Amino acid sequence: MVNISNSLKLDNVVSNDKINPALVTDLKNACDYIRTHIRHDFVAIITSAVSNHSKYVKGTNRLSRHGKGMAVDISRLNGIGQGSNPKEFKELGDLLVKTLVSMGYTNTGSEYNIPKAILWQTKGHYNHIHVSNTTNIPSEAPRFFPKDSSNFVDGTRVVLPNQSNQIPNFASGQPVLEDISAIRSFMNKIL
């Protein structure tokens, strides 16, 4: 195992692969952000890149992004795979995907004409996260992420208007009513 950081590692099988540095930087930044701000035990392991993957797009003779060093697969999160604990693996995968999306990656089930793409929870990608970057430009750091996925943005508590649709008066010292379901709905829309 090769450590890129405390939160991102390369499986020995891919440790000598030439992988797009911008892709590795983005993954490192996303994983470090999660480990620092959300899950202090978070670790993602890249299990295939150029090695441990077909050189061609399945069913074609077209060179895949893996074959070009522009894509990686992550099939272990916090030491577990989809087969050993499917619920936790999916939750951790969703966390990584949402963080990458906040950095400009797209998760649509296809990478056709999408320079920064994620394939996750789609055909052939339920047991691993496929992340690709065909640019040589690292993304900006994660813009925001809810601390507990319910009511935080950029580490700041989101307070919506109370039930009377009035903006809360913080200076009054009165408690602020928070509509957690509205916050969750808001967060799901922006993530």
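What follows draws every value from the coordinates through simple rules; no lab data is involved. Worth saying up front: this structure is predicted, and the values here are computed from it rather than measured. Virtual Cβ from ideal backbone geometry, glycine too; neighbours counted across all protein chains shown.
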Item to complete: Please work out whether segment 2-133 counts as rounded, prolate or oblate from its C-alpha gyration tensor, where a ≥ b ≥ c are the square roots of the eigenvalues and a/c under 1.5 means rounded, while otherwise a/b larger than b/c means prolate and anything else oblate?
Response: rounded
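Output the pairs from Lys58/Lys123; Lys28/Lys98; Lys90/Lys123; Lys58/Lys87; Lys87/Lys123; Lys18/Lys55 with a Cα-Cα distance over 20 Å in this structure; if there are none, say none.
On the way: Lys58/Lys123 12 Å; Lys28/Lys98 15 Å; Lys90/Lys123 15 Å; Lys58/Lys87 28 Å; Lys87/Lys123 18 Å; Lys18/Lys55 14 Å.
Exceeds cut-off: Lys58/Lys87.
Relative to the Cα centre, what is the charge dipole magnitude of segment 2-133, using +1 at the beta carbon of each Lys and Arg, -1 at the beta carbon of each Asp and Glu, and rounding to the nearest 20 debye? All intermediate terms of the calculation are to be shown ahead of the outcome.
Values: 16 positive and 10 negative charges, 68 e Å.
Dipole size: approximately 320 debye.
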Discussion item. Along the Cα→Cβ direction, 7 angstrom out, place labels at Lys87 and Lys123. What is the inter-label distance in nm?
Written reply: 3.0
Worksheet entry | Among 114-127, 49-62, 85-98, 21-34, the order from most to least packed when residues are scored by Cβ within 10 Å on average | 21-34, 85-98, 114-127, 49-62
Fill in: Arg143 paired with Val2, simple spin-label distance in nm, labels 7 Å along Cα-to-beta-carbon
3.3
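May I ask you to sort Met103, Met1 by Cβ crowding, counting other Cβ atoms within 10 Å and putting the fewest first?
Working: Met103 18, Met1 8.
Placing the least packed residue first, the sequence is Met1, Met103.
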Response to the item:
Residues meeting the amide H criterion for Val43 (H placed from the backbone, H to H distance under 5 Å, 5 or more places apart or on another chain) are Asn78
Worksheet item: When only C-alpha pairs under 8 Å and at least 6 residues apart count, what is the relative contact order of segment 2-133, in percent?
Response: 22
